[in-house]
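My questions will all concern the structure given below.
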Protein chains: 2
Amino acid sequence: MISAEIEYLIGLLAKLPGLGPRSARRAVLHLIKRRAELAEPLAKAMGDAIRNIKTCTQCGNLDAQDPCALCADEKRDKTLICVVEDVADLWALERAASYNGTYHILGGTLSALDGIGPEDLNIPDLIGRVTDGNVKEVILATSATVDGQTTAHYLSDRLAGTDAKVTELAHGVPVGGELDYLDDGTLSAALKDRRPV
Amino acid sequence: MISAEIEYLIGLLAKLPGLGPRSARRAVLHLIKRRAELAEPLAKAMGDAIRNIKTCTQCGNLDAQDPCALCADEKRDKTLICVVEDVADLWALERAASYNGTYHILGGTLSALDGIGPEDLNIPDLIGRVTDGNVKEVILATSATVDGQTTAHYLSDRLAGTDAKVTELAHGVPVGGELDYLDDGTLSAALKDRRPV
């Protein structure tokens, strides 16, 4: 007989990706034991995020401001758009800290199986941005999965009529990766795109 | 450049057991995308829990009421106390649904290494409960670890002068467990405590 309030909180936490019922129970005990240092700031931060975080109407990024800090940043190269599937991909590229252009978040990939067509994604906005502005290059950084590559292919077709150059990320050996553990597709791609030292 | 508000929320979520920085990022995206169904109820439930959940002054359980629902339940056998380390252990025993007595939560184990002595745990209260009331049996259900067993040993010494019978959980083969994968200690204990079929 666990308190209904605690059960309810466990049930909600267990819906987070990466937490199951068991780890949600541990998390709830951890939270209740650390009210002042953790539970209170977390409840407040979550409330603040719900109220303040919005989707950028230009690129689809999540931020407290619209346009987002990246779109509003004057130091960012507005002639460059990197197209990604999800905000998590934008975060990953920002952590790599080697890109200074803007982004465009599709919100997923085309998928015949799941019935997701171009109008379900943020694609019309992207075409609009490329057609309207003076965009010089669109980098297609969708995943190297079947759906991701289908989406990239579709986008390069749609963007073929514009002035923008369309590029994709390089395939190859991951930095720090061992050849022996690489899959054949990556190894073939790395060999095909070999370059002079 | 991730929004400071999102970064802060990720940092707090990453402090939960079972979530690292990467899974906290995924969890935050999941939360922001599911505001109405998940983030809002979760923030509210967490706030409610912070305000309402208290520690039972009798047994140390966490509940919205004090004494907790278990201590207040008239159908529970008050002559039986099961001593556990943590609220999570109480929850595990309640899930097993084969115990109808009351509990006493120590809040940890004795530990010479970590400098945790009897006065740091909920032990004086336990001795008080056993001495004052008409308790017939105290079940020591601390972990089968060195610290847990040291604590059980200490408690059985302290309770030796009282009228209560002191018992411990049986050791043996876990239900559904294969002999081949069992450690030697458990196997020896199971063999020693063998019983007629």
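The values are calculated or read from the model by the stated rules, or taken from the named source; none is laboratory data. Predicted model only: the values in this text are computed from it and were never measured. Note: ideal-geometry Cβ built from the backbone for every residue, glycine included; neighbour counts use all protein chains shown. These area figures cover heavy atoms from the full protein model, side chains too; ligands, DNA and RNA do not enter into them. Shrake-Rupley method; radii C 1.70, N 1.55, O 1.52, S 1.80 Å.
Could you tell me which of rounded, prolate or oblate describes the protein assembly as shown, using a ≥ b ≥ c as the square roots of the eigenvalues of the alpha-carbon gyration tensor, with rounded for a/c under 1.5 and, failing that, prolate when a/b is larger than b/c and oblate otherwise?
In terms of gyration-tensor shape, prolate.
Please grab the % of Cα pairs in the stretch B:1-108 that end up more than 19 Å from each other.
Roughly 59 percent, once rounded to a whole number.
With a/c under 1.5 counting as rounded, go ahead and sort the stretch B:4-52 into rounded, prolate or oblate using the C-alpha gyration tensor (a ≥ b ≥ c being the square roots of the eigenvalues; past the cut-off, prolate if a/b is larger than b/c, else oblate).
Oblate, since a/c reaches 1.5 and b/c is not below a/b.
I've got another one for you. Would you mind getting me the FRET efficiency between A:A64 and B:T150? Use the beta-carbon distance for r and R0 = 51 Å, nearest 0.05.
After rounding to 0.05, the efficiency reads 0.50.
Considering every Cα-Cα pair within the stretch A:68-168, what fraction, in whole percent, is farther apart than 20 Å?
Roughly 33 percent, rounded to a whole number.
Normalising by the residue count of the stretch A:1-93, find the relative contact order in percent from Cα pairs under 8 Å and 6+ residues apart.
Dividing the mean separation by the residue count of the stretch A:1-93 yields 12 percent.
Under the rule that a partner needs its Cβ under 4.7 Å from the first Cβ, which Cys of the protein assembly as shown have none?
By the Cβ distance rule, which asks for a partner under 4.7 Å, the isolated cysteines are A:C59, A:C71, A:C82, B:C59, B:C71, B:C82.
Here is a further query. Tell me the angle of helix B:87-96 to the major Cα principal axis of chain B, expressed in degrees between 0 and 90 and rounded to the nearest ten.
70 degrees
Next question, about the same structure. What residue among A:G128, A:G176, A:G108 has the largest mean-square fluctuation in a Gaussian network model of chain A, using Cα springs under 10 Å?
Sorting by GNM fluctuation, first place goes to A:G176.
At 1.4 Å probe size, with no ligands or nucleic acids counted, give the accessible surface of B:K15 in Å², nearest ten.
For B:K15, solvent-accessible area is about 120 Å².
Residues in the stretch A:50-66 near a label at A:N122, defined as backbone nitrogen under 11 Å from the 7 Å Cα→Cβ point?
The answer is A:55-63.
Determine which chain B residue has its Cβ at minimum distance from the rotation axis mapping B onto A, giving the value in whole Å.
Nearest-to-axis residue on chain B, with distance in whole Å, is B:A43, 3.
Name the residues whose placed amide hydrogens come within less than 5 Å of the amide hydrogen of B:Q58, ignoring near sequence neighbours (fewer than 5 apart) on the same chain.
Those qualifying (amide H under 5 Å, at least 5 residues apart or on another chain) are B:C68.
Let me ask something else. Rounded to the nearest 0.05, what FRET efficiency do A:R194 and A:R34 have when you use their Cβ-Cβ distance and R0 = 56 Å?
Between A:R194 and A:R34 the formula returns 0.55.
Next question. Per residue of B:7-14, how many C-beta atoms from partner chains lie within 10 Å of its own C-beta, taken as a mean?
Partner Cβ neighbours, averaged per residue: 5.
Continuing with this model, one more query. Using alpha-carbon pairs under 8 Å, 6+ residues apart, how would you state the relative contact order of chain B in percent?
13 percent
Other chains' Cβ within 10 Å of B:62-74 residues: what's the mean?
What the average comes to for B:62-74 is 2.
Further, regarding this structure: Read phi for every residue in the stretch B:125-132 and hand back ³J(HN,Hα) as whole Hz from Karplus 6.51 cos²θ - 1.76 cosθ + 1.60, θ = phi - 60°, with x for Gly and Pro.
Per residue, the Karplus-derived 3J(HN,Hα) values read 4, 4, 4, x, 4, 6, 6, 5 Hz.
Kindly sort B:D73, B:D66 by accessible area of their heavy atoms, largest first, with the probe set to 1.4 Å.
Largest accessible area first, the list is B:D66, B:D73.
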